[in-house]
Amino acid sequence: MIPTMKPNRTIRVTVWIAALAHVAVGMAAESKSRPESISPQPASSAVAGAVGEPVELLVRRVTTASDGLAVLEQSERNLPVVGRADVVIAGGGVAGVAAALRLAQSGSSVILIEQRNQLGYELTATYRCQTSGVAPPDTAPTAQKIWEELATGRIWSGHRVDPHRLRTYLHQRLADEPKITTYLFSMPTGVIAEDDRVCGVVFSSHNGCQAVLAKSVIDATSDARIARAAGCQLARDLTGTKTARRFIAVGRTENLPRGARPMRGSLRLAEDRIVVHDGFVELTVHAVIGQDLANDLSAVQQRTMEASFAVRDALVAEGVKLGSFVVGPEAWIDEMPVVVCRTQRSQQEIDARDFSQSGLLLPIGVRGLVVTGRIADPHPDMGDLSTLLTVGDAAGQAASRMSRRIAALPATGAGTSNDENRHQLGAIRELLEGLEPGQTYPTVRHQAIELPVRGEYDVLVVGGGTSGAIAAIAAARQGARTAVIEVLPNLGGTSSNRVNSYYWGVPWKSRLRQEVGDRIRLTKSTGTGPLEKVRFSGEDKKFALQDLAVQAGVTIYYQSFGAGAVVENDRVTGVVIENAAGRHVLLARVVIDATGHAAIAAAAGGAYQKGRCSDGFLHEIEHGPLRDPTHPGDISVSYLQAPSPAVSLNIRESRRILGDYVVTFEDAIHQRVFPDTICRWRSNYDTHFPNSANQSDLAQDWTALLGLWRRPILGSIPYRCLLPQGLENILVTAKAYSTDHDALVGGRMQSDLEHLGEAAGVAAAMACRLNVPPRQVPVDRLQDELVRLGVLRDDDVPDRTIQGGPSLDELHRQDLWRTERQQQFPPSSASLTLDEAVARLGTDQALEGMVRLYLAGDQARKRLRPLLAGDPGPARDEAALILGMLGDRTAVPVLIEWLEQRNVRRFVYTLPEASHRPSVPLYWSAVILLGRFGERQAVPAMIELLGDPPPKALAAARRGNYNDDMFEHIDHCPPPLASLIIVALGRIGDARAVDAIRPYLSVSRQPAVGEENRDFETAWAIRTNAAWALAQLGDRSGKAALEELLEADQAMLRQYARQMLEELSGRMGDPDR
């Protein structure tokens, strides 16, 4: 059902802000401070401050011509104010970064907001690598310094810029500057203004919509988005005939000389030629951009990518050998918008690259706003590195002067929680949680507006990554009118931009995935630990997915952000989109949330979970950072301090919806197949957490106690896991489907997420075809179709065999590891009887017998107990370990024996050509299991073990220095064991342990971002586990340590500390709770 819509009328947005006296601080004091991240308050607290008379302000968003379009009303709501600064900069290009650095050097606080995950977009995102080589003028000292540093680092040399090294340099410069707060992957979408003075910016991120306030604002975006929102006049807008260029980094060979090269045929290039530069190729096309800005700008990206691969194929056909071929992520458009400013550059100023006259960057009719970058001037030199640095420097100077004339920042009104706000949202829902959920932020009041409806589809896929791109193609091939919204300038997400390899996953491929595979140069991995790894070309995958989508009739919206949901009576009927065309709505009969963050389902009101059940921590990003990918400030620290060369990071975990069923790790290790299975997954328990004290008991059993980290698991995903509780007409795929943390550890591999996306696309199309909501899709018909397509095998559905699918040989046509797998992988332990499993104990085949007995649960106990009465030895140890994991107290005497004698025996599951992780020693296992039993008899031995070495020595320990040594030496207590003992003592609840635990509250170190996961124990886990354990023992001495962590530079740690403080206050009856 399509929502009720109204004819279009003029959009006006009003925000009321109460003027609070306490923010009226002088510039002399405020300008020397860092940007102010608004400290969230507990939901029960009020925001302090004296309230004055309301001052009328406006929130203005980008709007484009919408005559004749229907509209939907967005009701009034409170926007959380998440920061204040002297200056807010929208846009993190070269000019925006130069402006930020100039401001910071002058003592101003800065918040910089950029929609991409990288800085310097004018050059780093386009590969437009030419530069004049002319230094910035003396009027731009910050630009001069940057220019000299770039030259010294050979980031530019001659007339060429290295875009990758430039990006790294810019990231590091901002990371080193404490006065600058950066929000990457955050899209500026509007301004807050008082009359004609701009005093803040509204932006959207994976945490919803937020606002930041400032004394002045700089628009450094590529499309003048902020200036357009503020109502500035444009000398040139986005519409009209444009010259678009794509730059391709190539390994130039002798038979590809520099200069213009004719390209004949049907390539549709401007002047039928390319230009070969040193290290890259430039192609040009002409494009017309009309009133449908988002669609037309996406078409430019599509067309120039298509032309790039056509050029490659043509060059290869001509005998040119290309050593490498990497298409610049974004197209360059010569004629981007230009803002009308108070004065124009003279020829002398153009020749001198001089922007020192502030009127050159001040828009007519708008105060509080400075423009910079290419939008400030139409002259062609505005794309040059030196010019961008210079105009950025000048913008920083202008904004600094402007800010000094403002006595105080705008004030905020009393805060409301997201739950309170949600009741007011109406049909247009969005996340309004601020940066950290569950807290209360100051707010500004956003009055009702009307959003134009710019399209209607059968299926709308939000997120065109690993899962979403396949979902869109699959839905369109089923006959559904389909669109996909993607924040990046290409499809494929992590798989095409960052992790160009398949690791594990089911070994068969659907017909659609094989079509993709035929075009991306699949290669069997070699080298160290190559098992189950297949590499491919990420560049080829970007184009293959786009080409297959276009052939299927999918409408692609690149560089577009899914900012909210249209919901009527708990039915999701559309999505709110932010892009160059502004804020608008696309309607759909079925929405597929493939964001990987459950962003649309969460915005619609769907419940979700995040992280481990113990501490809420998510899997590491890339290899090292422990950051929340939905928190723009937190994830930006990772982007800045551990920059990636790709436009997408390897994010392993984010929100997970609560669906009609939650797949658990217990389901996975028992390899349960469900009646509504629509996808299988296959992997080891691929956890990247090096510690085990904060894992679930089940995960500890599997990896820490049994050493089964490498053992393959074949899991299943039922259709119910794609259906968010309480919502209709929406499916959730990618890593955000309904599962627990431990099951997702294995159920997140690219191969399997592609199959899951295909299943979601087929289900959505089937719902449209049958005119039923997704919950009412006949699962047997869906499974029949998935077997026909090869997503499922004919025997993957329990209790029935489905005919009509591809043969096994066809399904495994691209299975490059099939022979090794058949030779090396042992048969499943499920084939063993319990008596056979017991007979294997004490032999070199004991581990598979132990797995079979562990999975048998209570049925195994009576067969294992007699072994405890035997002589000490391997079989007795193995029986005691399984009984302990099954919660059988008859194992306790043996466990205490291991602890007192410090038994170092370990177990490990191995596969040829693969790495492995052994279990912990048996005396560590005893600590874990005795803690679960609450065994007070073990407390003295644990305290004795905990005391060596002293806590201060642990703080200096680094995981890279202890590795397996910590298991072999029994005369000291390494950090992971300290955590395990502390948690065990907390579970036992014996007050004798208080004095032994308290010193561990001081164990702390600040690791580099890239080492956060590696040094998790010494950085945070020992301290937080000590605070938790002491609270279990009735001791509140951990409160100070937890309060200190509220200021930590890490969102998940702050959230965990808040949670424990709330629990501590409740447990102790704290009157300040």
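Just so it is clear, none of the values below were taken in a lab; they were calculated from the coordinates. Computed from a predicted structure; not experimentally measured. We place every Cβ from the backbone using ideal geometry, glycine too, and count neighbours over all the protein chains shown.
Helix 846-856 axis versus longest C-alpha principal axis of the chain: approximately 80°, rounded to the nearest ten. Reported value for region 240-333: 83 Å³ per residue, from the convex hull of its C-alpha atoms.
When every alpha-carbon pair in the chain is counted, what percent end up more than 61 Å apart? Mind showing how you got there, number by number?
Working: 56146 of 575128 pairs.
Of all Cα-Cα pairs in the chain, 10 percent lie more than 61 Å apart.
Size estimate for region 842-929 follows the Kirkwood approach: the inverse of mean 1/r over distinct Cα pairs works out to 13.3 Å.
Packing here is the average count of other Cβ atoms within 10 Å per residue, and on that basis the peptides 743-756, 558-571, highest first, run 743-756, 558-571. A Förster radius of 35 Å, combined with the Cβ-Cβ distance separating VAL275 from VAL550, puts the computed FRET efficiency at roughly 0.85. May I ask for log10 I(q)/I(0) of region 659-800 at q = 0.08, 0.11, 0.13, 0.19 Å⁻¹, from a Debye sum over the Cα atoms as equal point scatterers with solvent left out? After summing over all Cα pairs, the log10 values are -0.22, -0.41, -0.56, -1.06. Principal-axis analysis of the Cα atoms of the chain puts helix 538-552 at an angle of about 70° to the longest axis.
Working from the Cα coordinates of region 75-156, the gyration tensor eigenvalues give, after taking √(5λ), semi-axes of 29, 17, 9 Å in decreasing order. The order of the peptides 237-245, 106-114 by mean Cβ neighbours within 10 Å, most packed first, is 106-114, 237-245.
Between SER1037 and ARG264, residue separation times 0.36 nm minus the direct Cα-Cα distance comes to 270.6 nm.
Please list 393-406, 264-277 highest first by mean number of surrounding beta-carbon atoms within 10 Å per residue. Working shown, then result.
Numbers: 393-406: 23.8, 264-277: 14.7.
Top to bottom by mean Cβ count within 10 Å: 393-406, 264-277.
Each helix, a run of at least 4 DSSP H residues, gives -39500 (n - 2.57); summed and divided by the residues of the chain, these come to -9000 deg cm²/dmol at 222 nm. The Kirkwood radius of region 212-262, taken over pairs of alpha-carbon atoms, gives through the Stokes-Einstein law at 4 °C and 1.567 mPa s a diffusion coefficient of 83 µm² s⁻¹. Helix 874-885 and the longest principal axis of the C-alpha atoms of the chain enclose an angle of approximately 60°. Here the mean projected area of the convex hull built on the C-alpha positions of region 826-890 is 3.9 nm². Applying both filters, DSSP loop and at most 13 other Cβ atoms within 10 Å, to the GluC sites (Glu not before Pro) of region 280-352 gives GLU318. Within region 920-1068, all pairs of alpha-carbon atoms sorted by distance into 10 Å bins from zero give the percentages 12, 42, 36, 10, 0. Subtracting the Cα-Cα distance of ASP237 and SER915 from 0.36 nm times their residue separation leaves 238.5 nm of extension gain.
Of the cross-linked pairs LYS524/LYS610; LYS179/LYS542; LYS533/LYS862; LYS542/LYS735; LYS321/LYS533; LYS215/LYS542, those separated by over 31 Å at the C-alpha level are LYS524/LYS610; LYS179/LYS542; LYS533/LYS862; LYS215/LYS542. Computed from the C-alpha gyration tensor, the three semi-axes of the ellipsoid equivalent to region 904-955 are 28, 17, 8 Å, from longest to shortest.
For region 992-1073, dividing the convex hull volume of the Cα atoms by the residue count gives 81 Å³ per residue.
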